[in-house]
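Worksheet: one structure, shown below.
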2 protein chains.
Amino acid sequence: MALPDTRTKILDAAEHLFAERGYRGTSVRAVTDLAGANLAAVGYHFGSKAELLAAVARRVTEPITAAQSAGLDELLARTADPQVAELVEAFAGPLFDEMPAGSESGARTSRLIVTILSDPAEEARSWTGPDEDTVRERYLAAFARALPGLAPQELLFRMRGIFAVTAVDRVEVYHRPSPACPTVTAGEEARRWAITFLTAAMSAPPTRAHR
Amino acid sequence: MALPDTRTKILDAAEHLFAERGYRGTSVRAVTDLAGANLAAVGYHFGSKAELLAAVARRVTEPITAAQSAGLDELLARTADPQVAELVEAFAGPLFDEMPAGSESGARTSRLIVTILSDPAEEARSWTGPDEDTVRERYLAAFARALPGLAPQELLFRMRGIFAVTAVDRVEVYHRPSPACPTVTAGEEARRWAITFLTAAMSAPPTRAHR
DNA sequence: ACATGAGTCATACGTTCGTTTTAATCGAAC
DNA sequence: GTTCGATTAAAACGAACGTATGACTCATGT
């Protein structure tokens, strides 16, 4: 394999460190040190630390969004009204998938997403592209068809729940490395548990209006 | 009412700012400025920024943990085997309750919890006391009785899901102030939606072992 | 041969951070 | 009325941060 250029080495290092320590907890110096690059390389290749974060986020999010979109396409090609379980699997599945690169990068990816999303820093919040919104809206429409009678706002609440479960799970795994069973919840098992959990949750009857 | 002393004024300001900007994003100076106190007061009253965070976290978490514990006590006094829905409500409910102080402090509280929990900073991770663990284990046992046949690890996964949904919901509300309906998901409605969502999720049949 | 441009490098700048230090202030006990 | 412990005030410290700058390297095109 060809040795990676400085730009991707920085990207890799930044992804690792942002995921582990957060945006604010990661200094540009730490990134360039881990990447074996010079401090000024970040400014040269990305402009600023915030733009580096955006580049990392884009690289991580892109294949996930693409897989979500393709999964929905496949579903809709088969039937006009997919079942809730199918939609959940198509939407949440890619969030559990390993990246093609390494073995541990799957957990790292989800960790990165939630770390970024929950980071209160201003720069960490405005990196989503139009693709993410498009996919989200398409799934929203599909879920709305599969769950008639559910108020749009409760549906929105539930879709947030999907993301919450998939993301926060990984954070906990990352934060509390239980020495007994480190990889039990990682990988395929967590994926299936999550789909069970979320399918049941999404399929719940609408909450009755209060009073 | 008596005007609060410097210590509680700092505690209040820190709670507000930690919730809004995170631990790393909040400077000690910002806290003391908002509190109308002197910079050195933090060092004097709390020792360090990290210990200030711990004090804030304790103050926020304590009543929630107490309410969770009391809720379970009430349930167990009535019946030896509470239903899943009752357990979910007793466990997740307090996370949605408003604090006695103000109107908006409810969302701020949950926001604080998840901000702290998801903060990768070392100081932000080791503030939980033994009470939290005790309550968690008691609920774990109660859920295990209510959900026979569910593997312990899948049950653990699901309990993480409860926390994920309640916490991340608040983050999203905080992060993306939708101009159309700012307070729709806040308060009582989100609480009932969450309980619907989580009760269905917890009650799902166990995931079948793969292969 | 040599000018060009992208890439890399060491270094410095200005700012902000958490913490510490020293002096001033206040209320109550004697 | 003085003394003393408890707080607050103001200033300063050293370290770490993001960023900008200018020189250097070197393959490439002519």
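The values are calculated or read from the model by the stated rules, or taken from the named source; none is laboratory data. Values in this document were obtained by computation on a predicted structure and should not be read as measured data. For neighbour counting, all protein chains shown are included, and Cβ atoms are generated from backbone atoms with ideal geometry for every residue, glycine included. The accessibility values were calculated without ligands, DNA or RNA, using every heavy atom of the protein model including side chains. Shrake-Rupley method; radii C 1.70, N 1.55, O 1.52, S 1.80 Å.
Lys and Arg at +1, Asp and Glu at -1: add these up for the other residues within a Cβ distance under 10 Å of B:Arg192 and post the number. Can you show the working numbers first?
Details: positive: A:Arg208, B:Arg191; negative: A:Glu154, B:Glu89, B:Glu188, B:Glu189.
Net of charged neighbours comes to -2.
Give the peptides A:134-141, B:196-203 in descending order of average Cβ contacts within 10 Å, highest first.
Details: A:134-141: 14.9, B:196-203: 24.2.
My ranking of the peptides, most packed first, is B:196-203, A:134-141.
Could you check the simple spin-label distance between A:Thr134 and A:Arg59, using points 7 Å along Cα→Cβ, in nm with one decimal?
2.3
Between B:Asp131 and the same site in the other copies, what are the distances in nm, shortest first, taking label points 7 Å from Cα along the C-beta direction?
Inter-copy label distances (nm, one decimal, shortest first): 4.7.
Looking only at other chains, what is the average number of their beta-carbon atoms within 10 angstrom of each beta-carbon in B:154-166? Kindly include the intermediate steps, with their values, before the conclusion.
On the way: counts 7, 1, 5, 12, 7, 0, 9, 11, 2, 4, 11, 12, 2.
Mean partner-chain Cβ count within 10 Å for B:154-166: 6.
For the pairing of chain B with chain A, what total accessible surface becomes buried, with a 1.4 angstrom probe, in square angstrom to the nearest 100?
4000
Any idea what the A:Pro206 label distances to the other copies are, label 7 Å down the Cα→Cβ vector, nm, shortest first?
3.6
Starting from the Cα of A:Lys9, draw a straight line to each of the lysines and keep only those under 23 Å, dropping any in the same chain fewer than 8 residues away.
By straight Cα distance, A:Lys9 reaches A:Lys49.
Sort B:73-82, A:146-155, A:54-63 by the packing proxy (mean of other Cβ within 10 Å over each peptide's residues), most packed first.
Ranking, from highest mean packing down: A:54-63, A:146-155, B:73-82.
What FRET efficiency would be calculated for the residue pair A:Ser27, B:Ala50, taking the C-beta separation as r and a Förster radius of 22 Å, to the nearest 0.05?
Calculated transfer efficiency: 0.70.
In nm, one decimal, shortest first: how far is the label point of B:Ala85 (7 Å from Cα along Cα to beta carbon) from the matching points in the other copies?
2.3
What are the extents of the Cα atoms of segment A:31-95 along their three principal axes, listed from largest to smallest and rounded to whole Å?
Dimensions of segment A:31-95 along the principal axes of its Cα atoms: 53, 18, 15 Å.
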